[in-house]
Amino acid sequence: MHTLSLFLAYLGVVGATPFTLLSKRRLEDHQWTRNEKDGCPAYLEAGEFESPSYITQVSKCQPDRAFGPQSIGRITPNDVSSIFNFDIPASRADANCTLEFLFPRQKQLTNSYYKYHGGGSFLFTGYLAGSCPGPQTTYNNQPTAGTFPPFPPIHMEPGYAYTIDVGPCMFAAGTCVAGLTSSNDTTFEFLPSADDCPIGVYNAYSYGLPCPPEYCG
Ligand SMILES: *[C@@H]1O[C@H](CO)[C@@H](O)[C@H](O)[C@H]1NC(C)=O
Ligand SMILES: *[C@@H]1O[C@H](CO)[C@@H](O)[C@H](O)[C@H]1NC(C)=O
């Protein structure tokens, strides 16, 4: 069993004043468990999560290239990074938002495109809530940075679900929140399929729970 630990911090949900950092804590990593119902390695409750509403890439080597809307997640070492944007309905202001990176093994997927090789170091950077990516987004023209320094790189490998961030949805409710995922040593590409197990970044809502059931046990 791998023991991994992650820094948790508000990823873009909390930005410049008037937003403040509400908590930053380290979570013990959890074992990936299979959902008995559908055989998927991670569970997203119907109606209680968001897939990214907009995905795009930026390239350090082509800093003025606008990739526009993309369906694929793509990260290459020290060059291409992916931006994932979530729209948070105003009605979710009273929920907690948990940003998760679901990272199944290739053999756990049947219809999704998937490519992964490298050392597995990933860096997450949050943008200011309300500053959303769009067709104009390039490496040189990214959404407004959040006020936190980049979080320490984390090691992610296939076969696990990673909790990137947990925090009140209120800061992003009625608008959007986006973040950048990059790597210095890993190529990772994936194209989720609607009739396959989830892969990539998701935002799950929770109410009256300190953290989602799969983590609280
Ligand atoms: C990538 O970054 C991690 C964390 O900073 C570092 O330990 C590792 O040596 C880096 N890898 C490469 C290939 O630069
Ligand atoms: C949100 O998370 C905090 C901290 O874990 C918890 O105290 C609070 O009850 C949660 N709120 C909701 C609506 O789930």
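Scanning the stretch 99-132 for residues that are under 11 Å from the mean Cα position of the chain (by Cα) and either closer than 14 Å to F171 by Cβ or assigned to a loop (DSSP other than H, G, I, E, B) (or both) yields L99, G126.
There is at least one residue in the stretch 157-178 that is part of a loop (DSSP other than H, G, I, E, B), modelled with pLDDT under 85 and either within 16 Å of ligand 1 (Cβ to nearest atom) or aromatic (F, W, Y) (or both).
Hey, can you tell me all the residues within the stretch 48-76 that are hydrophobic (A, V, I, L, M, F, W, C) and buried (at least 19 other Cβ atoms within 10 Å of the Cβ)? Scanning the stretch 48-76 gives F49, I55, V58, F67, I75.
Looking only at the stretch 27-75, filter to residues that are in a strand (DSSP E or B) and among the acidic types (D, E); which one of those is modelled with the highest pLDDT? The selected residue is E50. Against the numbered list (1) in a strand (DSSP E or B); (2) within 16 Å of ligand 1 (Cβ to nearest atom); (3) not β-branched (V, I, T), F86 comes up short only at (2). In this structure, S193 does not qualify as at pLDDT 80 or above, within 24 Å of S112 (Cβ to Cβ) and either within 16 Å of ligand 1 (Cβ to nearest atom) or buried (at least 22 other Cβ atoms within 10 Å of the Cβ) (or both). Could you list all residues from the stretch 130-156 that are within 16 Å of ligand 1 (Cβ to nearest atom) and either among the aromatic types (F, W, Y) or in contact with a Phe, Trp or Tyr (Cβ under 7 Å, 6 or more places away or on another chain) (or both)? Residues satisfying the conditions are F151, P152, P153, I154, M156.
Summed over the stretch 50-83, the residues that are among the basic types (K, R) and within 16 Å of ligand 1 (Cβ to nearest atom) give a count of 1. Pairs are defined by a Cβ separation below 9 Å, a sequence spacing of at least 6 or placement on different chains, a first member in the stretch 182-201 that is in a strand (DSSP E or B), and a second member that is charged (D, E, K, R) and within 16 Å of ligand 2 (Cβ to nearest atom); the pairs so defined are V201/E100.
Looking across the stretch 137-156, just one residue is in a loop (DSSP other than H, G, I, E, B) and aliphatic (A, V, I, L, M), and that is M156. Going by the conditions given, is T147 more than 16 Å from ligand 2 (Cβ to nearest atom), over 15 Å from the mean Cα position of the chain (by Cα), more than 16 Å from P52 (Cα to Cα) and modelled with pLDDT under 80? Taking the combined requirement at face value, the residue satisfies it.
The values are calculated or read from the model by the stated rules, or taken from the named source; none is laboratory data. Not measured: the values here are computed from a predicted model. All Cβ positions, even for glycine, are placed from backbone atoms using ideal geometry, and neighbour counts span all protein chains on display.
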